[in-house]
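As structure tokens, the structure follows; a few thoughts come after it.
The values are calculated or read from the model by the stated rules, or taken from the named source; none is laboratory data. Note that the structure is predicted; figures quoted are calculated from it, not measured. For neighbour counting, all protein chains shown are included, and Cβ atoms are generated from backbone atoms with ideal geometry for every residue, glycine included.
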Ligand code: PBG
């Protein structure tokens, strides 16, 4: 059976040459779309390679200025900063101390490259001795006690010069709490990127090593069940209603359906996070000779754009800045 459209319709006509294919390409990835996540560790002598993420190292705090200049010079436009703390306690108080690691690394980064967009990952898991994303009370992460600390932490980050604060702890009401605190402290122009739809994913495995997390157990009591799509929409729309300036879906590749649905439901700028496990899968497969790394990276980032992402957090951002897309 031939299609009634054939032979009039011949989609292959537009695929004959590279120039024709470029002319009809629907999605493109620009350097401006990419956000590079980095890990900054205090009290470290030399960059420490993360074994489960080939090509990624923790940056010593003392060398941060030099590294930030190199990142900006290579053409990266935005970074998401994670601290690796040596001052952990039950509440993660170092993260909301005005001279704690979070504040110091933001100040250093802004000094080193004022034009670079510095985003602060606002959470507690890298700063608590138990590794959870908030205050433990009666054996659970207590939502509202955590909100109080989160509000303080966001103000500390804004005061240190963060261009964007990005709460990633999946506490209920975290956008409202942060917006109110920022406004009250005079930071009504500091935008909030909500990790709005964040799943309790096994793809974060390598991140736990990278960020030096001491978590035993899981985050299923606050991050979302990977099998829920409708609830994913509900979470993102709640954050929009609370005043988020950006939404995010995380992880990326296993959640393209969610990305497309959030895109259809919201007109806010939408980010997607290609997480540590997605990065590791591509790197190790490429090292084994099973995949062409560059082509696979191009295809995955392109797929995020096709599904509706405006912005992509990816550990490949530095390679792409250096080598082109
Ligand atoms: C902190 C946070 C995590 C990631 C980003 N922010 C870890 C987690 O939620 O367990 C994961 C990023 C990655 O895997 O690349 N809450």
Task: Evaluation of residue 202 against (1) within 14 Å of the ligand (Cβ to nearest atom); (2) closer than 26 Å to residue 261 by Cα; (3) buried (at least 19 other Cβ atoms within 10 Å of the Cβ); (4) in contact (Cβ under 8 Å) with a residue 60 or more places away in the chain (one fails), failing number - done: (3)
- [ ] Can you run down the residue pairs with Cβ atoms below 9 Å, 6 or more apart or on separate chains, where the first is in the stretch 1-25 and farther than 22 Å from residue 306 by Cβ and the partner is at pLDDT below 95 and part of a helix (DSSP H, G or I)?
- [x] none
Task: Flag for residue 158 being under 18 Å from residue 82 (Cα atoms), more than 16 Å from the ligand (Cβ to nearest atom) and at pLDDT 95 or above - done: yes
Task: Residue satisfying condition, being surrounded by fewer than 23 Cβ atoms within 10 Å (Cβ to Cβ) and not in a helix (DSSP H, G or I), within set 291, 313, 295 - done: 291
TODO: Can you tell me which residue within the stretch 205-238, out of those that are within 15 Å of the ligand (Cβ to nearest atom) and part of a helix (DSSP H, G or I), is surrounded by the most Cβ atoms within 10 Å (Cβ to Cβ)?
DONE: 210
Open item on the list: If I ask for residues that are away from the ligand (no atom under 16 Å from the Cβ) and surrounded by 16 or more Cβ atoms within 10 Å (Cβ to Cβ), which ones from the stretch 273-288 would you list?
Closed with: 286
Open item on the list: With the structure loaded, tell me whether residue 194 is within 24 Å of residue 99 (Cβ to Cβ) and within 16 Å of the chain's Cα centre (by Cα) or whether it fails that test.
Closed with: no
Open item on the list: Suppose we keep only residues that are over 22 Å from residue 201 (Cβ atoms) and within 15 Å of the ligand (Cβ to nearest atom) within the stretch 163-177. Which one would you say is surrounded by the most Cβ atoms within 10 Å (Cβ to Cβ)?
Closed with: 165
Open item on the list: So, in the stretch 181-199, exactly how many residues are surrounded by 15 or more Cβ atoms within 10 Å (Cβ to Cβ) and more than 8 Å from the ligand (Cβ to nearest atom)?
Closed with: 12
Open item on the list: I'd like to check something: does the stretch 117-124 contain any residue that is touching a residue at least 40 places away in the same chain (Cβ under 8 Å), over 20 Å from residue 209 (Cβ atoms), surrounded by 15 or more Cβ atoms within 10 Å (Cβ to Cβ) and away from the ligand (no atom under 15 Å from the Cβ)?
Closed with: yes
Open item on the list: Quick check on the stretch 245-257: of everything there that is within 16 Å of the ligand (Cβ to nearest atom) and assigned to a helix (DSSP H, G or I), which residue is surrounded by the most Cβ atoms within 10 Å (Cβ to Cβ)?
Closed with: 255
TODO: Answer yes or no: is there a residue in the stretch 237-255 that is over 15 Å from the mean Cα position of the chain (by Cα) and more than 26 Å from residue 177 (Cα to Cα).
DONE: yes
Task: residue 325 crowded, with 16+ Cβ neighbours inside 10 Å, more than 18 Å from the chain's Cα centre (by Cα) and touching a residue at least 40 places away in the same chain (Cβ under 8 Å) - done: yes
